[in-house]
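The values are calculated or read from the model by the stated rules, or taken from the named source; none is laboratory data. Because the structure is predicted, anything quoted here is derived from the model rather than measured. Note that we place each Cβ from the backbone using ideal geometry, even for glycine, and neighbour counts take in every protein chain shown. Note: areas computed on protein heavy atoms with side chains; ligands, DNA, RNA excluded. Shrake-Rupley method; radii C 1.70, N 1.55, O 1.52, S 1.80 Å.
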Amino acid sequence: QVQLVESGGGLVQAGGSLRLSCAFSGRTFSRYAMGWFRQAPGKAREFVASISWSGSSTAYADPVKGRFTISRDNAKNTVYLQMNNLKPEDTAVYYCAGSGVFGTPTNSDNYNYWGQGTQVTVSS
């Protein structure tokens, strides 16, 4: 079965950086768009970033543009989220997800597979 396993979360000071990783297994990774979503306490899950099958196209939510970078290594079946200049409002559980939709989907309804999440906490 398909599994997505996130890693790399933790506690970081404002202005610091973290890199999240998501290992994908069980299906043909290169035929799935990949995305990152996050959910803060008391808030709805929101889109963060997505990347197309080939990695040639990316999409970002406005609050993270210029600070976060999504990338993928199809040879390693892994997607990454490099998070720089972190802010307290970035604190959330971050989820990795896979989608069969072509392009860079931003709607969670278009994602078929989800990881269990990894906690990111940014202190001020």
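Miscellaneous remarks
- Selection from the stretch 1-27 of residues that are on the phi > 0 side of the Ramachandran plot and in a strand (DSSP E or B): Gly10
- Residue list for the stretch 74-113, restricted to those being closer than 13 Å to Gln39 by Cα and surrounded by 16 or more Cβ atoms within 10 Å (Cβ to Cβ): Asp90, Thr91, Ala92, Val93, Tyr94, Tyr95, Cys96, Ser108
- Selection from the stretch 46-69 of residues that are of a type in the set (D, E, K, R) and within 14 Å of the chain's Cα centre (by Cα): Glu46, Lys65, Arg67
- Selection within the stretch 28-73 - open to solvent by 30 Å² or more (accessible area, probe 1.4 Å), in a helix (DSSP H, G or I) and touching a helix residue (DSSP H, G or I) at 6+ places or on another chain (Cβ under 9 Å): Pro63
- Contact annotation: residue pairs with Cβ atoms under 7 Å, 6 or more positions apart or on different chains, pairing a residue in the stretch 80-108 that is part of a helix (DSSP H, G or I) with a partner that is among the small types (Gly, Ala, Ser) and open to solvent by 60 Å² or more (accessible area, probe 1.4 Å), are Pro88/Ser124.
- For Ser124: the one exception among (1) at pLDDT 95 or above; (2) of a type outside the set (A, V, I, L, M); (3) in contact with a helix residue (DSSP H, G or I) (Cβ under 9 Å, 6 or more places away or on another chain): (1)
- Qualifying residue in the stretch 75-86 (condition: of a type in the set (D, E, K, R) and under 24 Å from Pro41 (Cα atoms)): no
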